Amino acid sequence: MFAHKPATLPLLLSVALASPLALTVPAAQAQAPTIAGTPAAVSFNGLLDVQTMAAINADPELRTMLGISGDGADFSRQLTDVSLAQREVNRRFLADNLAAIKDWHGAPLDPQQQLSDGLARWFYQAQIDLMAVPWAAAWLPVGGSTYAVDQLFSLPVNLPQFMDNQHAVTDEASARSYIARLQAMAPKLDQVRANVDMQAAQGVVPPEVALQGAAEQFRTLLAPAPKDSLWVQSLQRKLEKVAAIAPARRAELLAQASMAVQTSVNPGYQRLLADVQALQARHLGNKGVWALPQGKAYYDAALRWYTSTDLDADAIHQIGLDEVARVEKAMDARLTQLGLREGSVAARVQQLRDDPRYRYADSDAGRRELLGDIEQRLRDLDPILPRWFGHLPPQKLVVQPVPTHMQKTSPGGYYYPPAMDGSRPGTFFINLGDIDSNTRWSIPTLTYHEGAPGHHFQISIGQTLTDLPLLRRSLNPSAFSEGWALYAEQLMAETGIYKDDPAGDLGRLQAEMFRSVRLVVDTGLHRKRWTPEQAATYLQDKTGMTPGDVRVEINRYLVQPGQASSYKMGQLRLLALREKARTQLGDRFDIRAFHDLILGNGAMPMTVVAQAVDAWIAAGGGDPKRAP
C-alpha cells in the first residue's frame, strides 16, 4: 500500500494532507488581527507574517494542530468557522493579501524575500483561481476538500481524528475545552450542511462512492451510546494520563462529555447523515469534475495548485504514459532477476504478493511484526542518512496504526507532523486493516516515503526554519511535499540499501509505477471522461495492486482532482534540477548541500524551487545556508 493520505486541515494547508502547517509563533504576533483585514507592515517579511497570523488565528483547529499555546490567545474551546458567510471573508482575504504583496513599495527584496514573494503570489493566486467557481466550499485550501462531504478528506469525516489525535488534554482546563468543542459540534456540522446544500443547488453532488463511504462512517459514529462513543472514550483515555485530576472529577467531566455527544455531536451528525442519504437517493453515479458546472476551469486550477506548473491535462497525461512505459521496463528486469519471467508485469507482481515468504500473518502477531519491521527499517537508516544530508530533523518519529474506525476507507499510510511545542512527535500512521495489502517487499518504500527521509524530514526540518516568514514555514505545496517523498524513495535506492534486496527494489519500482499511473488516471478521470471502471482496470493492469487497494485509490482520485498528479510531477522536477546542478557544477556538486538547499528553504512551488537552485548554481554550490 503506497497511498499517502494528506491531513485535511482547514486553512492554508496543502494535504497533503495534505501536509500540515508547521511554524513557531512569536509572542508579539499572538494577537494578530482577524482574517478580514491586516494592518500595514514595516517590512516585507512583517507583511507576510501578519497575513499568516491573521489566517491562523481565524482557524482555531489549525492553531491546535500546530500546538500553538502560551501566546496570550486561547481559541481551544472553538471550532473553525466554515459558514457560507466565512466563504466570502476567505475570498476577500485572498484578494486583499495578494494585492498587498503586489503593491509592496518598501525596501527592495533580498534574495530570500524574492523566494517568499514568489511563494506568496503563487499561493494566493492558486487559491483565488480555485474559489472562482461559484460552488467553491467555505474553507481553505479549497482543493483539499472539493466536495462538502466525502469519504476521505471532508471536515465531518476528519473531525473524529482531530479530536482524538490533535486536541491534547493535559489538565482540567484542556479537558473542559475538549467538552466545549463537542458542544460546538452541531453548529459546525450544520455549517457543513449549508455547504452541501449550496453545492447541490448548483448541480455539484459528490460521487456515490463518496456519499456511501461518508454515510457508513457517520453511522459508525452514531451507533454507540454516548458514553461509549469514540468522543468520550478518547477523552477517558486522555484523562487517565492526567494524575492531577481526581477520579471523581474525571467522572464528572466524562458525564459532561457524554451529554455533549447526546445533545450536540450526535444530532449534528444525524442531520448531516439525513442530507447525505437524500443525495444518495438521486443516484447520480461516479464521475470526474468534467461533469460539474465549470468543471474544466476548476480542474485546470486544481492542476496548477497541485503540480505548481502551467502544464495542461493533456501534457500531464502524456508524461504519465511515457513514465509508465519506462518504469515497466525496469520492473520487468527486476522481476526477471527474481526468477519471475512469464506473464505480464502486473501478473508477476501478483505472484510475488502471493508468495508466502513475503506475507504477514493476518493476526495480531503478524501486525506487531509489521510494525516492528517498519521501526527496524527506520533504525537501520541512522548510519546511512548523515552521508546524504548535512542537516537531520531533531524531532522524533513514531509509528502508529491507523485508528480502527478509519481503516476501511483510509489509504495505506500517512504522516502527521510533530507539534511545535514538543507535545506530539512526528507520526507515521500505517493501515493494518487489510494485512494482505502490506508485503515485506512493499513496506520499505512506504516507510521511506512517509517517514525518513520522506515526509518526516521535509516537514520537520521545515519547522526549524524559524528565521523565515511564517508563510514559508506554513505551506507544503503538494508537488514539493509529495514530490520530495517520491524523490526520497529513489534516493534510498541510490544509497545502495537494496543491493541485497531485489524484492525491496521491485517494491520501490512498483511504487514509482503507481505514481506514474496516477498521472494517467487522474487526468483520465477528470479531463478525458474515463469511467471509474476504466481507470481501475488501467491501474490494476499496470501495477498489479489488489482490487481492494485499486478501489480505494480510484475513489480517492474522484474526490480530490489534481492531487494524484502532484507526486510524479514534483519528483521529476526535483530530479531535473539535481541533474542540472550536477552537470553545471561538476566536481563542486555536493549531494548533501543540494538536499540541504532543497529542504532548508522550506516547501515552495516548483517554479520557486527552480529559482533557488539556479541561484545556488550561480553562486558555485557549497553550503547553501538557505541563501539562494
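Just give me the residues in the range 420-431 being touching a helix residue (DSSP H, G or I) at 6+ places or on another chain (Cβ under 7 Å) and either open to solvent by less than 10 Å² (accessible area, probe 1.4 Å) or of a type in the set (Val, Ile, Thr) (or both), in sequence order.
Those that are touching a helix residue (DSSP H, G or I) at 6+ places or on another chain (Cβ under 7 Å) and either open to solvent by less than 10 Å² (accessible area, probe 1.4 Å) or of a type in the set (Val, Ile, Thr) (or both): GLY426, PHE428, ILE430.
Filter the range 514-548 down to the residues that are aromatic (Phe, Trp, Tyr) and open to solvent by less than 10 Å² (accessible area, probe 1.4 Å) and list them by number.
PHE514, the sole residue that qualifies.
Considering only the range 167-178, I want to know if a residue exists there that is over 22 Å from GLU240 (Cα atoms), open to solvent by less than 20 Å² (accessible area, probe 1.4 Å) and among the β-branched types (Val, Ile, Thr).
No - not one qualifying residue is present in the range 167-178.
Evaluate the following for ARG551: is it under 30 Å from GLY343 (Cβ atoms) and open to solvent by 10 Å² or more (accessible area, probe 1.4 Å)?
The answer is yes for ARG551.
Cβ contacts < 7 Å: first residue more than 14 Å from ILE443 (Cα to Cα), restricted to the range 372-391; second residue open to solvent by 80 Å² or more (accessible area, probe 1.4 Å) and part of a helix (DSSP H, G or I), any location; separation 6+ or different chain. Result?
Listed by first residue and then by second, the contacts come to TRP388/ARG592; PHE389/ARG592; GLY390/ARG592.
If GLY602 passes every condition in (1) surrounded by fewer than 22 Cβ atoms within 10 Å (Cβ to Cβ); (2) not in a helix (DSSP H, G or I) but one, which one does it miss?
Answer for GLY602: the failing condition is (1).
Every residue in the range 488-502 that is within 11 Å of THR445 (Cα to Cα) and either at pLDDT below 95 or in a helix (DSSP H, G or I) (or both), please.
Within the range 488-502, ALA488, GLU489, GLN490, LEU491, MET492, ALA493 qualify.
Can you tell me how many residues in the range 527-570 are closer than 20 Å to ALA126 by Cβ and either polar (S, T, N, Q) or touching a strand residue (DSSP E or B) at 6+ places or on another chain (Cβ under 7 Å) (or both)?
Total meeting the criteria: 4.
Conditions first: (1) out of contact with any Leu (no Cβ under 9 Å at 6 or more places or on another chain); (2) open to solvent by less than 10 Å² (accessible area, probe 1.4 Å); (3) of a type in the set (A, V, I, L, M, F, W, C). ALA511 passes all but one, so which condition is the exception?
Only one criterion in (1) out of contact with any Leu (no Cβ under 9 Å at 6 or more places or on another chain); (2) open to solvent by less than 10 Å² (accessible area, probe 1.4 Å); (3) of a type in the set (A, V, I, L, M, F, W, C) is unmet by ALA511, namely (1).
Pick from the range 215-257 the residues that are assigned to a helix (DSSP H, G or I) and among the hydroxyl-bearing types (Ser, Thr, Tyr): which of them is farthest from MET406 (Cα to Cα)?
Among those that are assigned to a helix (DSSP H, G or I) and among the hydroxyl-bearing types (Ser, Thr, Tyr), it is SER234.
Just for the range 117-135: of the residues that are assigned to a loop (DSSP other than H, G, I, E, B) and aliphatic (A, V, I, L, M), which one is surrounded by the most Cβ atoms within 10 Å (Cβ to Cβ)?
So, considering only residues that are assigned to a loop (DSSP other than H, G, I, E, B) and aliphatic (A, V, I, L, M), the one surrounded by the most Cβ atoms within 10 Å (Cβ to Cβ) is MET131.
Could you check how many residues of the range 96-111 are under 15 Å from SER43 (Cβ atoms) and among the basic types (Lys, Arg)?
0
So, of the residues in the range 349-402 that are out of contact with any strand residue (DSSP E or B) (no Cβ under 6 Å at 6 or more places or on another chain) and of a type in the set (Phe, Trp, Tyr), which turns out to be nearest to GLN510 (Cα to Cα)?
Checked the range 349-402; the qualifying residue nearest to GLN510 (Cα to Cα) is TYR360.
Quick check: anything in the range 304-315 open to solvent by less than 70 Å² (accessible area, probe 1.4 Å), of a type outside the set (Val, Ile, Thr) and more than 22 Å from GLY144 (Cβ to Cβ)?
yes
Just one of (1) hydroxyl-bearing (Ser, Thr, Tyr); (2) closer than 19 Å to GLY366 by Cα; (3) open to solvent by 10 Å² or more (accessible area, probe 1.4 Å) trips up SER437, so point out which.
(3)
So HIS405 fits all but one of (1) out of contact with any Leu (no Cβ under 8 Å at 6 or more places or on another chain); (2) assigned to a helix (DSSP H, G or I); what number is the exception?
Of (1) out of contact with any Leu (no Cβ under 8 Å at 6 or more places or on another chain); (2) assigned to a helix (DSSP H, G or I), only one is false for HIS405: (1).
Specify the residue that is surrounded by the fewest Cβ atoms within 10 Å (Cβ to Cβ); the eligible residues are those in the range 386-402 that are out of contact with any Ser or Thr (no Cβ under 9 Å at 6 or more places or on another chain) and outside any loop (DSSP other than H, G, I, E, B).
Of everything passing the filter in the range 386-402, PRO386 is surrounded by the fewest Cβ atoms within 10 Å (Cβ to Cβ).
Would you point out the residue of the range 229-269, among those that are among the polar types (S, T, N, Q) and open to solvent by less than 60 Å² (accessible area, probe 1.4 Å), that is nearest to PHE162 (Cα to Cα)?
Top of the filtered list is SER234.
Under 7 Å by Cβ, and 6 or more places apart or on different chains, what pairs join a residue from the range 74-85 that is open to solvent by 20 Å² or more (accessible area, probe 1.4 Å) with one that is in a loop (DSSP other than H, G, I, E, B)?
GLN78/ALA184; LEU79/ALA184; SER83/ALA138; LEU84/ALA138
Give me the residue from the range 605-628 that is under 22 Å from the mean Cα position of the chain (by Cα) and open to solvent by less than 30 Å² (accessible area, probe 1.4 Å) and, out of that set, farthest from GLU489 (Cα to Cα).
For the range 605-628, the residue satisfying everything is VAL608.
Got at least one residue in the range 64-71 being among the charged types (D, E, K, R) and under 21 Å from TRP305 (Cβ atoms)?
There is no residue in the range 64-71 that is among the charged types (D, E, K, R) and under 21 Å from TRP305 (Cβ atoms).
Is it true that some residue in the range 270-284 is modelled with pLDDT of 95 or more, open to solvent by less than 50 Å² (accessible area, probe 1.4 Å) and under 30 Å from ARG237 (Cα atoms)?
Taking every residue of the range 270-284 in turn, at least one turns out to be modelled with pLDDT of 95 or more, open to solvent by less than 50 Å² (accessible area, probe 1.4 Å) and under 30 Å from ARG237 (Cα atoms).
Looking only at the range 551-571, decide whether some residue is in a helix (DSSP H, G or I), in contact with a helix residue (DSSP H, G or I) (Cβ under 7 Å, 6 or more places away or on another chain) and over 30 Å from ALA214 (Cβ atoms).
yes
How do the pairs read when you match residues in the range 229-241 that are among the small types (Gly, Ala, Ser) with residues anywhere that are open to solvent by 10 Å² or more (accessible area, probe 1.4 Å) and at pLDDT below 95, using Cβ under 8 Å and keeping only pairs 6 or more apart or on different chains?
What qualifies is SER234/ASP164.
Among the residues of the range 136-158, is any open to solvent by 30 Å² or more (accessible area, probe 1.4 Å) and closer than 24 Å to ASP49 by Cβ?
no
So, ASP310, is that one modelled with pLDDT under 95 and under 25 Å from the mean Cα position of the chain (by Cα) or not?
Taking the combined requirement at face value, the residue satisfies it.
The values are calculated or read from the model by the stated rules, or taken from the named source; none is laboratory data. Note that this is a predicted model, so its numbers are computed, not measured. Heads up, the Cβs are rebuilt from the backbone with ideal geometry, glycines too, and the neighbour counts pull from every protein chain shown. Side chains included, ligands, DNA and RNA excluded: accessible areas come from the protein's heavy atoms. Shrake-Rupley method; radii C 1.70, N 1.55, O 1.52, S 1.80 Å.
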